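Report on one structure; see the data block that follows.
The values are calculated or read from the model by the stated rules, or taken from the named source; none is laboratory data. These numbers come from a predicted model, not from an experiment. So basically every Cβ, Gly included, is an ideal-geometry build from the backbone, and we count neighbours across all protein chains shown.
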Amino acid sequence: MDYIILGNGIAGIQGALNIRRYDREGDITIITDEEYGFYSRPMITDIMTGKRRPEEIILMGEEGYRAFGFKFMKGLSIKRIDLEKRCLYSSQDRIKFHRLLIATGARPKRIKKHRDGVYYLRSIKDALDIKRQLKNTKKAIVYGGGPVGIKAAYALLSWGMPVSIMVTSPQIMSRVFDKKTASVFQRLFEENGAKFYLGSSIEDLVWQKGLKGVVTDRGDYIDGGILIVGKGVVSHTEIAEDAGISVNEGIIVNDMMETSEDGIYAAGDVAETNTGPGNKGRVFALWHTGAEQGKVAGANMAGEKKIYNGSVSSNSVEYFGMKAISMGTMEGEGLKEEIYEDKDGYRRFMFRDELLVGAILVGNIQGAGILLNAIKKGTPRSIWKRDFLSSHWPCLSIHPNITMEVLF
């Protein structure tokens, strides 16, 4: 059996590993247009500021691919999928397959205005390009208040560079945290040198032999020699759509992660699932979701019958010593809210009848893993005590904090 994995991120690697788990003899080829082995994408801000070198965030090097019997083709761009002939075409070659996993991920949303000094942060190459520009920059502008933009701003502030942060929404991290949590982190960022422009978008770029600044739609002028855009991502669906595979916002898959074409699967940031509570018709561009989907896709490609039951959205951050995590659903009809707040932190819970469906923990995030599991499994609230929901949680003091590295 010839298996092709198109993409070298977490979904593609988990797909390949799970094919190998069930098929010890099949030929598995992993193809990427990047020049690096599998690496930790969440850590590329460390490359941007020079805190780490690219090789320090590589999670699977050449020897790792060989150990699992994977053929690794890097720096190769695939132009077309031929469904009838069951092969892929690059500018150099034709590659046959029996089963294919499309794990091409996503690309950053781009702004209409573009000149030198405007950068996006998605890959090691992007991070290295930004690093070179920062050497000649005294002040940075970040456009976007979501996870990518805020993480980039934090890395720059920690590195010692002043940062102005433009946010289209009236609060930062609006799709991740509530207003109270956002205000906690905004204050921390301001105390550490950030300046925010909320409810603002780019009207124009000021450029004279290099970027000089940005003019907002509210008339503000923001000085800066580099603009890092973090306005979300768009799934890389073009190659599937051109081949006639069903696509919406992402490549549409069933509960086995199979596309509209037999033997062709999709997983990760490129896949649109209709599985699980609240997940209908959505793309979840999250590291841990890509891992879960890749596992299911790989197992099924190898002949198993695994079902993807959906993922619970979760985001975990730690900035300037403050931790927070959000999980599940925080809005919707018929939900009941409970809030607990004291010196140890802030906790907000959303229930549907006796079932926990969402939570936000700020400060003390102890027990986050237990809560996430309760949401996933639908554990009835009746087994909990009030202390379990309180921000101190003495009954759980033996459990360590659950960090992003564990959850994701």
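If you go through the stretch 161-212 and pick out every residue that is over 22 Å from the mean Cα position of the chain (by Cα), outside any helix (DSSP H, G or I) and among the hydrophobic types (A, V, I, L, M, F, W, C), you end up with 10. The residues in the stretch 224-271 that are touching a strand residue (DSSP E or B) at 6+ places or on another chain (Cβ under 7 Å), part of a helix (DSSP H, G or I) and under 16 Å from Q293 (Cβ atoms) can be counted, and the count is 3. Quick one: in the stretch 112-132, of everything that is more than 21 Å from E35 (Cβ to Cβ) and free of Cβ contacts under 8 Å to residues at least 24 places away in the same chain, which residue is surrounded by the most Cβ atoms within 10 Å (Cβ to Cβ)? Filtering first and then ranking leaves H114.
When every residue of the stretch 168-189 is checked against the conditions, none turns out to be touching a strand residue (DSSP E or B) at 6+ places or on another chain (Cβ under 9 Å), closer than 22 Å to A127 by Cα and small (G, A, S). Pairing residues of the stretch 285-298 that are closer than 15 Å to A106 by Cβ and not assigned by TED's automatic domain parsing to the domain that holds V148 with residues that are of a type in the set (D, E, K, R) and at pLDDT 90 or above, at Cβ distances under 8 Å and at least 6 apart in sequence or on separate chains, gives A285/D269; W287/R41; G290/D269.
Inspect the stretch 27-34 for any residue being out of contact with any Phe, Trp or Tyr (no Cβ under 6 Å at 6 or more places or on another chain), over 11 Å from I124 (Cα atoms) and among the hydrophobic types (A, V, I, L, M, F, W, C) and give the result as yes or no. Within the stretch 27-34, one or more residues are out of contact with any Phe, Trp or Tyr (no Cβ under 6 Å at 6 or more places or on another chain), over 11 Å from I124 (Cα atoms) and among the hydrophobic types (A, V, I, L, M, F, W, C). The lone criterion from (1) among the hydrophobic types (A, V, I, L, M, F, W, C); (2) outside any helix (DSSP H, G or I); (3) at pLDDT 95 or above left unmet by L157 is number (2). Checked against (1) in contact (Cβ under 8 Å) with a residue 12 or more places away in the chain; (2) among the charged types (D, E, K, R); (3) farther than 27 Å from E238 by Cβ, K135 passes all but condition (1).
Consider R347 carefully, then state whether it is more than 22 Å from the chain's Cα centre (by Cα), outside the structural domain of I28 (by TED's automatic domain parsing), surrounded by 22 or more Cβ atoms within 10 Å (Cβ to Cβ) and basic (K, R). Considered against the rule, which asks whether it is more than 22 Å from the chain's Cα centre (by Cα), outside the structural domain of I28 (by TED's automatic domain parsing), surrounded by 22 or more Cβ atoms within 10 Å (Cβ to Cβ) and basic (K, R), R347 comes out as yes. The set of residues in the stretch 40-50 that are part of a loop (DSSP other than H, G, I, E, B) and without any contact (Cβ under 8 Å) to a residue 24 or more places away in the chain contains only S40.
Selection within the stretch 94-117: residues that are at pLDDT below 90 and in contact with a Leu (Cβ under 9 Å, 6 or more places away or on another chain). The member of this set that is farthest from I226 (Cα to Cα) is K113. So, E241, is that one under 19 Å from the mean Cα position of the chain (by Cα), in the same structural domain as D82 (by TED's automatic domain parsing), modelled with pLDDT of 90 or more and surrounded by fewer than 19 Cβ atoms within 10 Å (Cβ to Cβ) or not? It is false that E241 is under 19 Å from the mean Cα position of the chain (by Cα), in the same structural domain as D82 (by TED's automatic domain parsing), modelled with pLDDT of 90 or more and surrounded by fewer than 19 Cβ atoms within 10 Å (Cβ to Cβ).
Checking I150, I172, I202 one by one, the residue that is farther than 28 Å from A359 by Cα and not acidic (D, E) is I202 and no other.
Those strands (runs of 3 or more DSSP E) of the stretch 86-152 in which at least 2 residues are of a type in the set (S, T, Y) and over 16 Å from I30 (Cα atoms), considering only elements entirely within it, cover 118-120.
The residue that is farthest from K151 (Cα to Cα), among those in the stretch 281-339 that are aromatic (F, W, Y) and surrounded by 15 or more Cβ atoms within 10 Å (Cβ to Cβ), is Y308. Residues in the stretch 75-115 that are closer than 30 Å to G213 by Cα and of a type in the set (A, V, I, L, M): A106, I111.
Listed conditions (1) crowded, with 19+ Cβ neighbours inside 10 Å; (2) out of contact with any Gly (no Cβ under 8 Å at 6 or more places or on another chain); (3) under 23 Å from F284 (Cα atoms); (4) polar (S, T, N, Q) are all met by Q366, apart from (3).
To keep it simple, each residue is scored yes or no on (1) among the acidic types (D, E); (2) under 23 Å from I4 (Cα atoms).
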site	(1), (2)
E238	yes, yes
A243	no, yes
S246	no, yes
G250	no, yes
N254	no, yes
E261	yes, yes
G281	no, no
H288	no, yes
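Quick one: would you say R218 is more than 30 Å from G290 (Cα to Cα) and part of a loop (DSSP other than H, G, I, E, B)? The answer is yes for R218.
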